[in-house]
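The values are calculated or read from the model by the stated rules, or taken from the named source; none is laboratory data. Given the structure is predicted, the values throughout are model-derived calculations rather than measurements. Glycine gets a Cβ as well: all are built from the backbone with ideal geometry, and neighbour counts include every protein chain shown.
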Amino acid sequence: MVHHRQRPSPLPVHLISFTARLQQQNVQLGWQSSAEENTSHFEVERSADGKDFTVLATVNAQGNSSSVISYSASDMSPLPGTSYYRLKMVDLDQTFSFSKTVAVSAASAGLQVSLPQSLQRQLGAPLGEHRSEAQADGNNRYVRQNNPLPDQ
């Protein structure tokens, strides 16, 4: 197994920003660098607890640049509740450093669920040619239910 060391001083990447924002049911991640020297790639990492991270995406770096470069990635399946993200900036010699950690809560987006009629009957929902919608937050907690009644 090959071990790579974390560089004690920052990489030759000047990171201007690193952001994560909820957009519909996805998390859009974006970052900008103003200078790169011998930079190999960026690894976008995600965590449920802010401590144990896994690689979500790998994005190739420009490598060498003295101008502002924008990068992006998407988390198409955010974790329930709060997801924590950070960048691992990897140099050509495989040394690396991390960005600050940013957090996004999926609870604010809600989740729309359509219930089949068989389940509606079990829950005591009115019968008819309609669907019932329940809304849950990112922690799978019940927020509200809307039972549209059929036209009578």
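What the table below lists for this structure:
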| quantity | calculated |
| --- | --- |
| Any hit, the range 88-108, residues being over 15 Å from Leu29 (Cβ atoms), modelled with pLDDT of 50 or more and β-branched (Val, Ile, Thr) | yes |
| Failed item, numbered, when Met89 is tested on (1) touching a residue at least 60 places away in the same chain (Cβ under 8 Å); (2) in a loop (DSSP other than H, G, I, E, B); (3) more than 12 Å from Val104 (Cα to Cα) | (2) |
| Filter result (modelled with pLDDT under 85 and more than 16 Å from Ser97 (Cα to Cα)) within the range 1-52 | Met1, Val2 |
| First in the range 97-116 and under 23 Å from Val13 (Cβ atoms), second anywhere and assigned to a strand (DSSP E or B) and modelled with pLDDT under 75, Cβ under 9 Å, 6 or more apart | Ser97/Gln6; Phe98/Gln6 |
